[in-house]
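The values are calculated or read from the model by the stated rules, or taken from the named source; none is laboratory data. Small disclaimer: the values here were computed from a predicted structure and weren't measured. Neighbour counts run over all protein chains shown; Cβ positions are idealised from the backbone, glycine included. Each accessible area value is taken on the protein alone, full model and side chains, heavy atoms only, with ligands, DNA and RNA left out. Shrake-Rupley method; radii C 1.70, N 1.55, O 1.52, S 1.80 Å.
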Amino acid sequence: MDDSFDIASFAGNTGAPKAPDFSYLDALNEGQRAAVEALDGPVLVLAGAGTGKTRVLVSRLAHILNMRDVRPWEILAVTFTNKAAAEMQERTADLVGPQAIEIKLGTFHAIGVWLLRRHAELLDLSTSFTILDTDDQLRLLKQIMSEGGVDTKKWPPRAMAAIIDRWKDKGLRPDQVSGTGGSEFADGKGIAFYKRYQQRLAEQNACDFGDLLLHVLTLFQKHPDILSLYQQRFKYILVDEYQDTNVAQYLLLRLLAQRHRNICCVGDDDQSIYGWRGAEVGNILKFEDDFPGARVIRLERNYRSTSHILGAASGLIAQNEGRLGKTLYTEDNEGAPVTLKSHWDGQSEARWVAEEIEALERKGTRTKDMAILVRASFQTRDFEECFLSLGIKYRVIGGLRFYERREIRDVLAYLRVINQPDDDLAFERIYNLPKRGLGERALEKLREIGRGAGLSLSRAADFAVEQGFFKGKAHSSLKELSENFHNWRAQQDLVATDELVETVLEDSGYFDMWQQDTSTEAEGKRENLKELIRAVGEYESLSQFLEHVSLVMENNADKGDDMVSLMTLHAAKGLEYDVIFLPGWEEGLFPHQRALDENGVKALEEERRLAYVGITRAKKRCFISHASNRRIHGQWQSSLPSRFVDELPKEHIADQSEQGLYSTTARQTGESSFSSWRSRETSHLAEILNRNAQRNERLVDNSTKPVSRTPATNENGGLAVGSRIFHQKFGYGRILRKDGPKLEIAFEKAGMKKVMEQFVQAA
């Protein structure tokens, strides 16, 4: 409640108190009602997908107000999004009236801001402190790191910011960080930078988002009287999406709940999929240890999906060991089995999805009730291109369409200037990207030169270099940029389009900028850049490709409502559709190999939870598919189906593949099983690999148009001079010289070439 709130204002209401209305209980099933009525003591509500957890949370808030001697402002309800908070408050008001607005309800960060503004002086802040956005945070870190003598190209501020965010998510102040992940950053200067960063924030009366919780923990730890005040005030605590809490959020909740212990956490351990951004599934798994005597209530009746969909999802997630356990069921229709389909390659998979969408649409399913969920964002391009060619309208949820993504638009700007030197808008976008010491002042000077001489910006840059209008770093940087553009234009008609883009990424330093970036989104951006190389390689000329992109962007301007949704699995959490397509269920892609390499079994279980989330988004139909071959970043790769396919209960699966592992005949005769099918697939792997090698060779040597591919990025820490390597376009070769990541290689067939190390692999 607001500090100025006057409790006596209620005294003016002389009418008889209105009798509580308990009709909301009538709409609850047995499990939901148990969760609502268990008001006292610690309660963990394990709410499976589609089991009505929001109804439970709202009804519980109403029931507390109706059944206990508690004021609305003595209830704390915490959510993860402002949208969820607004919906919960509105629905609670529908049940109990305007007093619902006095419930202290909001996101973790909103609660943190409220507490800090009330007690800022105890943390050497004023109540008007500023909350820095990401750009301000990065600018401040860059200043600090530069002052510390660190090369910010080698050690990007964005990477330091990500490390600091992780430390704050764990509730660690600079004096508490010791030997934890990230302390080795910048040759061991990471902790010192963190300390200096916090000092500078305090000097500027500012906080970043991580501070909004970290400072509250510090406040409570250093001022137990303040903690006691809020422990006394909040008699009931409700927490939504508890499985997504990080360590700092977990510690805050434990501190606040120590006195009354009336804490109710609602969540689903099977839907904990954000470990990569700090969420700790262990928080929900150890709830009973943290709060002895806690009651655990499972919500298992699903109101969303058919029994076949739930059976497939439940059978899959049962393979996880780190879970509390529950089994979803429905009292509605059985529905159609989950469809499983194998494909030769990713393009045929995209066409199959498109055909199924059109068939469903003819039968009356609206496209807005269908969604495609992918594991990695680069997978969306095959579907986007296919949908555009067939006229299927689509939207990308939780992200941008492929050609709208920042990193793609950056490279497109380079290509536009190569193709059309007078494209000033494109030049302005990349003249100082990556950072090359050409700021706004240099751009304005180029504008003046261009206006005076009647030249576009790129031609003005050539003229300025020739006439020596710039000095020092600005001159050398502008000269290098101008020479690069001349070299790229000279190659435009001599090399394959994808090879040209690969050269642009290397020479400009743009790919290396993201290669050095260790933030969570950098990997996806690198994947998208490699996918762009593949996309360009499908066109005979740069101008043809740019024309295609222009048409794509024009089609994207259509903002109608009836569109297929396309998104990553992570972006799909909390959503639901009549029809769900889950493509790309292959080992290495899903589960993702990098995740497995970095975190082993822990990552595997989170990947399986991600698969569970994907299946349970479907209400009526679910389609799962995989490809034997996929062209990832320009390289043909062969793979086996995901182990998750093996874990799907066969009684809930209808396999449409040839010699289907779960075909009707196979189930009836017992002549086939997944294990024997996988064995056959394994025996064919050598043959498939050989076919792909021949296919790649034909693409390089015999195609009527030049085609090039980018091989998988080498990640083994560096190749030595003399090492034998393989490049997807040029074949085998041996390294003769190294200049950092730049290699000079003698290829057995292609002769001498200069390539970047990330585009080759050890042979």
Separation of alpha-carbon centers, the stretch 164-240 and the stretch 416-487, rounded to whole Å:
44 Å
Can you tell me the length gained on complete extension of the stretch Ala202 to Gln492, counting 0.36 nm per residue apart and subtracting the Cα distance?
99.2 nm
Under a cut-off of 16 Å between alpha-carbon atoms, report the aspartates and glutamates in cross-link reach of Lys341, not counting same-chain residues fewer than 8 places apart.
Glu349, Glu355, Glu356, Glu586, Glu587, Asp646, Glu647, Glu651, Asp655, Glu658, Glu681
Could you give me the ³J(HN,Hα) list for the stretch 492-505, computed from phi with Karplus coefficients 6.51, -1.76, 1.60 and θ = phi - 60°, whole Hz, x at Gly and Pro?
3, 9, 10, 10, 4, 4, 5, 5, 4, 5, 4, 5, 4, 4
Please work out whether the stretch 509-651 counts as rounded, prolate or oblate from its C-alpha gyration tensor, where a ≥ b ≥ c are the square roots of the eigenvalues and a/c under 1.5 means rounded, while otherwise a/b larger than b/c means prolate and anything else oblate?
oblate
From the Cα trace of the stretch 60-141, what convex hull volume per residue do you get, rounded to a whole Å³?
114 Å³
Could you work out how far apart the two model spin labels at Lys749 and Leu25 are, taking each label as a point 7 Å from the Cα in the direction of the beta carbon, and quote it in nm?
7.8 nm
Report, in listed order, any pair from Lys142/Lys445; Lys525/Lys620; Lys189/Lys435; Lys363/Lys525 with a Cα-Cα distance greater than 29 Å.
Lys525/Lys620; Lys363/Lys525
For peptides 577-590, 455-468, 166-179, sequence by mean Cβ density within 10 Å, most packed first:
577-590, 455-468, 166-179
For a Förster distance of 30 Å, can you work out the FRET efficiency between the beta-carbons of Glu355 and Tyr303, rounded to the nearest 0.05?
0.45
Distant-in-sequence amide H partners of Asp208 (H built 1.01 Å from N, under 5 Å)
Leu132
Angle check, please: helix 522-536 long axis (alpha carbons) against the longest principal axis of the chain (alpha carbons), in degrees 0 to 90, nearest 10.
40 degrees
Positive-end extreme of charge dipole, the chain - chosen from Ile632, Leu373, Tyr24 (charges on Cβ)
Ile632
Taking amide H atoms as placed 1.01 Å from N in the peptide plane, list the residues 5 or more away in sequence, or in a different chain, whose amide H sits under 5 Å from that of Trp585.
Ser625, His626, Ala627
For the stretch 411-538, with equal point scatterers placed on the C-alpha atoms only and solvent neglected, what are the log10 I(q)/I(0) values from the Debye formula at q = 0.09, 0.15 1/Å, to two decimals?
-0.27, -0.72
Residues other than Ser389 with Cβ under 14 Å of its Cβ, Lys/Arg counted +1 and Asp/Glu -1, net out at -3
Solvent-accessible area, 1.4 Å probe, carbon plus sulfur percent, for the chain:
47 percent
As I understand it, the value is the acute angle between the Cα axis of helix 157-169 and the longest principal axis of the Cα atoms of the chain; what does it come to in degrees, rounded to 10?
20 degrees
Compute, for the stretch 251-325, the length of the dipole vector about the Cα centre, with Cβ point charges of +1 (Lys, Arg) and -1 (Asp, Glu) only. Units Debye, rounded to 20.
300 debye
Using alpha-carbon positions, what is the distance between the centroids of the stretch 74-95 and the stretch 322-342, in Å?
30 Å
What residues qualify as long-range amide H neighbours of Cys264, i.e. H under 5 Å apart, gap of 5 or more or another chain, H built at 1.01 Å from N?
Val43, Ile237, Leu238, Val239
The chain - charge dipole about Cα centre, Lys and Arg +1 at Cβ, Asp and Glu -1, debye rounded to 20
820 debye
From the helices alone, meaning DSSP H stretches of at least four residues, give me the mean residue ellipticity at 222 nm for the chain, per-run term -39500 (n - 2.57), in deg cm²/dmol to the nearest 500.
-14500 deg cm²/dmol
For the stretch 82-87, take each phi angle, set θ = phi - 60°, evaluate the Karplus expression 6.51 cos²θ - 1.76 cosθ + 1.60, and give the result in whole Hz per residue in order, putting x for glycine and proline.
5, 4, 5, 5, 5, 5
Answer with one residue from Val501, Leu138, Leu256: the one whose Cα lies farthest towards the positive end of the charge dipole of the chain, charges on Cβ with Lys, Arg +1 and Asp, Glu -1.
Leu138
With a 1.4 Å probe and every protein chain left in place, work out the accessible area per residue of the chain in Å², rounded to a whole number.
44 Å²
Cα extents of the stretch 145-265 along the three principal axes, largest first (Å)
51, 30, 22
For the stretch 319-417, what number results from the quotient of the Cα radius of gyration and 2.2 N^0.38 Å?
1.43
Helix 346-362 against the longest principal axis of the chain: what's the angle in degrees, Cα atoms only, rounded to the nearest 10?
50 degrees
Whole-Hz Karplus couplings 3J(HN,Hα) for the stretch 412-418, θ = phi - 60° and coefficients 6.51, -1.76, 1.60, Gly and Pro as x, run 4, 5, 4, 5, 5, 5, 4
Farthest positive-ward along the stretch 410-452 dipole, Cα basis, beta-carbon charges - from Ile449, Val411, Asn432:
Asn432
Work out how far the C-alpha atoms of the stretch 174-231 reach from end to end along every principal axis, then list the three figures in whole Å, largest first.
44, 27, 16
With a sphere of radius 9 Å drawn around the Cβ of Phe291, what net charge do the other residues whose Cβ falls strictly inside it have (Lys, Arg +1; Asp, Glu -1)?
-1
Ratio to report: Rg/Rh of the chain, with Cα atoms as the point set and Rh obtained by the Kirkwood method; give two decimals.
1.00
